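Scroll down for the structure; my scribbles are underneath it.
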Amino acid sequence: MNHKKGFNKLNRNASHRKALLRNMATVLFKHERIVTTKAKAIEVRRVAEKMITRAKEDSVHNRRVVGEKIADQAILAKLFTDIGPRMKERNGGYTRILKIGFRDQDAASMVVLELVDHKLEVEKKDDKKKVADKPKKAAPKAASKAKKDDVKAEPKAKAKSPRATKKAAAPAEGKPADVKSAE
């Protein structure tokens with residue numbers, strides 16, 4: 001019997017499929033979260049989880065084996081120094097697939113493939129807001145007074161509406177500009 005031995009060819013030839021899986025695994029490790037189709041996510045998950053298992057033990061052999069699939073040295077270093085040690089206590093299941101609906105163009109089932117311990121960017125944005133909410137240091141009073149005096153000294157020009165400027169620029173035919181028409 002040949003149960004559970006196959007894989008999804010993703011309607012691509014062997015070299016295209018290998019390149020696709022390597023690139024998607026690299027992007028997964030870079031961003032720790034990607035949006036893709038369900039079929040691709042299942043295949044990328046198989047490749048990525050094997051790489052993470054290798055990355056749990058940082059050795060020259062493991063780096064070379066994983067390095068055959070990941071060309072970017074920065075991502076390879078991140079995998080072995082950051083992601084691998086984070087997953088040290090896990091025995092598998094390093095990624096999760098979350099369904100998000102169907103794509104508009106072709107109704108393909110779309111999913112989010114992410115690392116299990118991935119933290120959303122929303123928390124980081126909240127931290128930035130807290131920093132921005134802190135009051136700024138008060139400027140010296142003399143400098144602020146000088147700025148206020150400059151603002152008071154310069155009168156603001158009143159902006160005219162486009163309609164008013166048209167009427168003033170082009171008076172009606174044969175009539176003076178200041179005479180109102182009864183038409």
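Taken over the range 40-64, the criterion of being free of Cβ contacts under 8 Å to residues at least 12 places away in the same chain and under 19 Å from residue 17 (Cβ atoms) is satisfied by 50 alone. Checking the range 92-113 against the condition returns no match, with no residue being in contact with a Phe, Trp or Tyr (Cβ under 9 Å, 6 or more places away or on another chain) and of a type in the set (Asp, Glu).
Just so you know, all these numbers are worked out from the coordinates, no wet-lab data involved. Computed from a predicted model, the values in this text were never measured in an experiment. Methodologically, a virtual Cβ is constructed for each residue, glycine included, from the backbone with ideal geometry; neighbour enumeration extends over all protein chains shown.
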